[in-house]
Amino acid sequence: MMTKILKINPLSPEPSKIKEAAEVIKRGGTVAFPTETVYGLGADALNPEAILKVFKAKGRPSDNPLIVHIATFSGLELIAKRPAKSALVLIKEFWPGPLTIILKKKKIVPDIVTGGLNTVAVRMPDNKIALSLIKKAGVPLVAPSANLSGKPSPTRAKDVAADLSGKIDVIIDGGKTRIGIESTVIDMTTSPPTLLRPGGLPVEEIEKVVGHVQRQSMSHETTPVRSPGLKYRHYAPKARMVIVEGDSDAVQSEIKKLAEKGLKDGKKVGILAFHKEFRVEGCITKYAGSRPGTVAGRLFNILRAFDKDGVDLIISEPYGGNGLKLGIADRLRRAAGQG
Ligand code: AMP
Ligand code: MG
């Protein structure tokens, strides 16, 4: 299959190009497009055959449900039963934006979208290209990240092309995504609401509006997985990755020790740093920034760049905290296989 690249102006999307991409969706094809979080691989959320193509192109396990992207409130009405009042308040406050809400689904949503669950994950993205594409297609779109399943998510059209060229119909190139990590996923069918995945919208912001949000236990051996996608290895570079935890000085000397051992064993070693001046002799050091907004924007990019450099072992400084940092720490941990 030939993949067509359509360059579209993110500030003022050309209607003729949006129309061309929307026609592909209407015919049951696949279109990668930018959102404010990461690039998504879009298909008609009401067309099971089109959705099958998304699973196939990504190599995604079929029991991992997809987020449905809408552009209007009538789109929401079409797929979800009437949300509870607290969910409506969240919607009003944060859509369009990096917040995915789990609601009771309507029959029209095919089982392949929800992994057979009676709930559906819904989001209204804050990106002009995404919103105009959904509107023009006239249907809600499934849009999981436009990468091979398990790999770091794409924040630029060229990341999408590296993973999916030849496997999908169209890639819209609308520049770099603003946030860089995926949406926050919150289940509003439970009381209190449950955080299923930290992401672009800090959970503290959500709590200001709806009160306490329970955190899903991260230990999947003891608790059943409420969000099926969480059990899979994710965001992972080819290299083995380790995060060295602890306080700054101890961490840096431990990283140096591990790096020297790796180098002695003939490995190509990468260092993922959150301190600008931190360098290790003989290693490829990449600085992700220290402010969470910067780190979120660079993280997946850097993991992909380590792969390109042929690094065998990535040693990372620790990163975490509240707000956006929680989502970043989650991606980092999963990239290191500590899901
Ligand atoms: P992705 O499309 O890779 O960004 O992942 C979407 C995330 O949303 C996965 O972790 C899914 O497990 C989760 N998700 C999607 N639909 C549902 C649902 N109905 N209930 C719970 N989690 C869901
Ligand atoms: Mg993904």
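Odds and ends about this structure:
- q = 0.11, 0.19 Å⁻¹: log10 I(q)/I(0) that the Debye formula gives for the stretch 10-116, counting C-alpha atoms only: -0.38, -1.15
- Per residue, the convex hull volume that the Cα atoms of the stretch 96-236 enclose (Å³): 135 Å³
- In the structure shown, the pairs LYS176/LYS308; LYS208/LYS286; LYS158/LYS238; LYS104/LYS176; LYS106/LYS238; LYS107/LYS231 are assessed against 30 Å; a Cα-Cα span above that value is assigned to LYS208/LYS286; LYS104/LYS176; LYS106/LYS238.
- Candidates THR35, THR190, THR114, ranked by Gaussian network fluctuation over the chain, Cα under 10 Å, top entry: THR190
- Percent of Cα pairs exceeding the 16 Å cut-off, where the set is the stretch 130-189: 55 percent
- Size of charge dipole - the chain - debye, nearest 20, with Cβ of Lys, Arg +1 and Asp, Glu -1, no other charges: 660 debye
- Rounded to whole Å, sorted largest first: equivalent-ellipsoid semi-axes of the chain, Cα gyration tensor: 34, 24, 17
- Neighbourhood charge, 12 Å Cβ-Cβ cut-off, centred on SER153 and excluding it, Lys, Arg +1 and Asp, Glu -1: +3
- In units of the rule-of-thumb radius 2.2 N^0.38 Å, the stretch 95-160 shows an alpha carbon radius of gyration of 1.24.
- The rule of thumb for compact globular proteins, 2.2 N^0.38 Å, goes into the C-alpha radius of gyration of the stretch 69-121 1.09 times.
- Among ASP44, ASP163, ASP187, the largest mean-square fluctuation in a Gaussian network model of the chain, built with springs joining Cα atoms closer than 10 Å, belongs to ASP163.
- Each semi-axis of the equivalent ellipsoid for the stretch 234-276 is √(5λ) with λ an eigenvalue of the Cα gyration tensor; in descending order they amount to 18, 15, 9 Å.
- Antiparallel %, DSSP beta bridges [both residues in the chain], to 5: 40 percent
- Helix 85-94 vs. the chain, principal-axis angle (Cα, 0 to 90°, nearest 10): 60 degrees
- Entry note, the stretch 255-326: relative contact order of 37 percent, from Cα contacts under 8 Å with a spacing of 6+ residues.
- Cα gyration tensor category, rounded, prolate or oblate, for the stretch 235-305 with a/c compared to 1.5: oblate
None of the figures in this text is laboratory data; all of them are computed from the coordinates on show. Owing to the predicted nature of the structure, the values given are computational and were not obtained by experimental measurement. Backbone-built Cβ (ideal geometry, glycine too); neighbour counts: all protein chains shown.
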